[in-house]
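The values are calculated or read from the model by the stated rules, or taken from the named source; none is laboratory data. Note that the coordinates shown come from a computational prediction; the quantities given were computed from them, not determined experimentally. FYI the Cβ positions are ideal-geometry reconstructions off the backbone, even for glycines, and counts take in every protein chain you see.
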């Protein structure tokens, strides 16, 4: 099993900051390093977004208080829950990051691999273990997988990001169908296992995941996951970043051929005893017990009966354990203040026995709440401003941060979400119980961090020109519906000025209410009436007047200045380093490897050294006239064109095998030392080969 000394991780990060400030490493190399550690550059210069990984969404009160303290002391006192159960803190100064990492580590949290070309946060059904109808609790397996893959050498330099999800509930609320790899709980007799799906994803080109294996026993789950990652690692497109996700590998190969590649990898991926050790460890840790205190006596608790009844109707769900319920706490567009977090931590201790989870709908889910405690719990939530009804329903709009902070954001998705929520609240958009199960999701750009493809009504940000000025637009999609292994992605209908978004929602709901047939779902309704009818009904909102007639259409939500398209460089999937000389990328990577070795970051040393070797191979094979798109193509080209060169020693003849040896090593100090020394040796060899190539007489 690959191990990692984590005690000095923050020290290594602090040292990297100093190297950057003194000009000893380039910005591109540092950017790759900080992304690997979950530190994302905002569109505002000089500040960072910190993404904290919350595997399965599970938090305890002490962790909630830590996040509250960090948000208050370092930023604007607001934390943001994402659609992947992460928690993001914005406006953090770079020099405060090492201390932040140490404070998170003290309560068992990390930012490691929350950004970059890595295995991202492993999400899971927030109701796992308490939901009626699940075959078994997926929590221990999701946490074991998160720990198994964290800091693993094979996950440090992938072609692009890689997002896993575990689901056990009947409605597949973890959305396994739209993940790079999805695990859905299955049981055969007394054996627990998973259906494994691969190749799902949203973004500008959504794909539904394909079934790789119908049933994989828990004991085999780590092996098949590692095999999938290895295929992706070698076959993923490293030249065209827009087509680098695993969904494109699966689409190009077809699921049958992809499965064959996975089976070939399984022949060399050995059983790792650490996997089942982690499974057993988390099976013990994840045993949840009811709160030790009895239900809070409702006597003396005063609540508004009408409001309480509505909250109870929409935000409460029975557990499979008799007498206990789950309580959804609505966080408007995923935001919560430090004050609210501290108050919530107290509620978690008092009512739940320390059981709370973040959800992919950007809310919190309290578990193990005694049925009799609901009036008192509601009163306490109301004091914090956290008693809003309608959890995960129409008015509970999902939104990514968008252009407010993200480099890739085109428009303010949060601003549009707030406007739609206000329109529901003040009655501008009429609605009722007949519409409440519809969902609205908003993204600030086509990349679908707000999961607009899976919503009944989705928007993503865009820009256009009119009257010689830039205009913020909202692209409208309708009819999305996530289903295990067979997601229906919403259809792009048309674009409207972003300021017309609330009017568009009103018109769509009125049309559905007036013309649906019987119990027709919204997805079926949209498919029946068709795109042209929708465009016709909404045509009044597409036209835009000149600036002097209606200047409001030319401003984005929450912005006083005129809208201008931001030409930012996205960092979410990592960045390419810009080489200033033939082997400068490899040289910079090896410099970083040496620095990491000094701080006992042995897994990172191996990963960076391997990355440097592959970078050198890319240079050599391109000198041979090849144009590799994947790591495997580079290694194949090396084997075909260069391995027979007599100047290459035996250990570098089969680089594919050479790299695999270090990828499956234990990540110990000696492994890191050997790998780094070999990479340095290979660099000298590559320079000699390149020089001899230049001095050869031309034919």
Scan the stretch 96-111 for residues that are assigned to a loop (DSSP other than H, G, I, E, B) and surrounded by fewer than 24 Cβ atoms within 10 Å (Cβ to Cβ) and report the count.
-> 3
From the list 495, 506, which residue is at negative phi and either assigned to a loop (DSSP other than H, G, I, E, B) or in contact with a strand residue (DSSP E or B) (Cβ under 9 Å, 6 or more places away or on another chain) (or both)?
-> 495
If you check 310, 283, which single one turns out to be surrounded by 12 or more Cβ atoms within 10 Å (Cβ to Cβ), in the same structural domain as residue 142 (by TED's automatic domain parsing) and more than 20 Å from residue 133 (Cβ to Cβ)?
-> 283
Restricting the stretch 510-544 to residues that are in a loop (DSSP other than H, G, I, E, B) and touching a residue at least 24 places away in the same chain (Cβ under 8 Å), the residue that is farthest from residue 469 (Cα to Cα) = 521
Which numbered condition residue 157 fails, given (1) touching a strand residue (DSSP E or B) at 6+ places or on another chain (Cβ under 9 Å); (2) in contact (Cβ under 8 Å) with a residue 60 or more places away in the chain | (1)
Residue satisfying condition, being on the phi > 0 side of the Ramachandran plot, out of contact with any strand residue (DSSP E or B) (no Cβ under 6 Å at 6 or more places or on another chain) and touching a residue at least 40 places away in the same chain (Cβ under 8 Å), within set 409, 402, 372 | 402
Looking only at the stretch 134-145, decide whether some residue is out of contact with any strand residue (DSSP E or B) (no Cβ under 7 Å at 6 or more places or on another chain), under 26 Å from residue 87 (Cβ atoms) and in a loop (DSSP other than H, G, I, E, B).
-> yes
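The rows are residues; the columns are (1) surrounded by fewer than 24 Cβ atoms within 10 Å (Cβ to Cβ); (2) modelled with pLDDT of 95 or more.
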{"residue": "397", "(1), (2)": "no, yes"}
{"residue": "423", "(1), (2)": "yes, yes"}
{"residue": "435", "(1), (2)": "yes, yes"}
{"residue": "440", "(1), (2)": "no, yes"}
{"residue": "459", "(1), (2)": "no, yes"}
{"residue": "466", "(1), (2)": "yes, no"}
{"residue": "482", "(1), (2)": "yes, no"}
{"residue": "488", "(1), (2)": "yes, no"}
Give the stretch 593-607 a look and list any residue that's surrounded by fewer than 24 Cβ atoms within 10 Å (Cβ to Cβ) and either in contact with a helix residue (DSSP H, G or I) (Cβ under 7 Å, 6 or more places away or on another chain) or on the phi < 0 side of the Ramachandran plot (or both), or say none.
-> 594, 595, 597, 598, 599
Taking into account only those residues within the stretch 260-280 that are touching a residue at least 60 places away in the same chain (Cβ under 8 Å) and exposed (fewer than 11 other Cβ atoms within 10 Å of the Cβ), which is nearest to residue 137 (Cα to Cα)?
-> 273
For the stretch 511-551, the count of residues that are touching a helix residue (DSSP H, G or I) at 6+ places or on another chain (Cβ under 6 Å) and loosely packed, with under 13 Cβ neighbours inside 10 Å equals 0
Filter pass, residue 71 being assigned to a loop (DSSP other than H, G, I, E, B), within 12 Å of residue 49 (Cα to Cα) and either in contact with a strand residue (DSSP E or B) (Cβ under 9 Å, 6 or more places away or on another chain) or in contact (Cβ under 8 Å) with a residue 40 or more places away in the chain (or both) = no
In the stretch 155-178, residues that are surrounded by fewer than 24 Cβ atoms within 10 Å (Cβ to Cβ) and over 17 Å from the mean Cα position of the chain (by Cα) total 4
